[in-house]
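The values are calculated or read from the model by the stated rules, or taken from the named source; none is laboratory data. The model shown is predicted, which means the values in this text are computed figures rather than measured ones. Cβ coordinates were reconstructed from backbone atoms using ideal geometry, including for glycine residues, and neighbour counts include every protein chain displayed. Remember, those area values only see protein heavy atoms, side chains included, never the ligands or the DNA or RNA. Shrake-Rupley method; radii C 1.70, N 1.55, O 1.52, S 1.80 Å.
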Amino acid sequence: MFPIIDKRKTGINLRRIMDKQGITVKEIQQYVGLGSVQSVYHWLNGISMPTIDNLYALSDLFQIPIDDIVCGNRQKMAHTVYSEQYNRLHTYYEKLNEHHAA
């Protein structure tokens, strides 16, 4: 089957990532240099998709691979599992450092 991106699921996933990281629509708009927040709302509502440049920037902002932002009908790649494990370990490590610094 030919891989297809699901704009609606991608928008839902993007919102989930934003909420998890405490990032607002306005912050995304400013980070990627959009003229208004409307484009971001279109992404979140599945009306349109970020350009590849904007996906690349979002990947940097969220510190996750682009494949963890985009949802479609292809199988997840193995690096995603390692990426999630790395993120959990990194968060745990930061919390330990905060606790020891206090």
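Assorted remarks:
- About the centre of its Cα atoms, the chain shows a dipole size close to 380 debye [charges on the beta carbon of Lys, Arg (+1) and Asp, Glu (-1) only; nearest 20 debye].
- For Gly72, the amide hydrogen comes within under 5 Å of the amide hydrogens of Asp6, counting only partners 5 or more places away or on other chains and with H modelled in the peptide plane.
- Label selected from [x] 81; [y] 324; [z] 104, the criterion being volume of the Cα convex hull per residue in Å³ as computed here: [z]
- The mean accessible area for residues of the chain, using a 1.4 Å probe and ignoring ligands and nucleic acids, is 72 Å² per residue.
- Taking Lys and Arg as +1 and Asp and Glu as -1, the other residues whose beta-carbon sits under 10 Å from that of Ser59 total -3.
- Relative contact order of the chain, pairs being alpha-carbon contacts under 8 Å that are 6 or more residues apart, as %: 35 percent
- Ordering Ile5, Val40, Tyr92 by Cα displacement along the dipole of the chain toward the positive end leaves Ile5 in first place; charges were set at the Cβ atoms of Lys, Arg (+1) and Asp, Glu (-1).
- Carbon + sulfur, % of accessible area of the chain - ligands and nucleic acids excluded, 1.4 Å: 57 percent
- Taking trypsin sites (Lys or Arg not before Pro) in DSSP loop conformation with at most 16 other Cβ atoms inside 10 Å as exposed sites, the chain has its longest uninterrupted site-free stretch at 1-73.
- Helical content of the chain, expressed as a calculated mean residue ellipticity at 222 nm, amounts to -20000 deg cm²/dmol (DSSP H runs of 4 or more residues, -39,500 (n - 2.57) each, divided by residue number, nearest 500).
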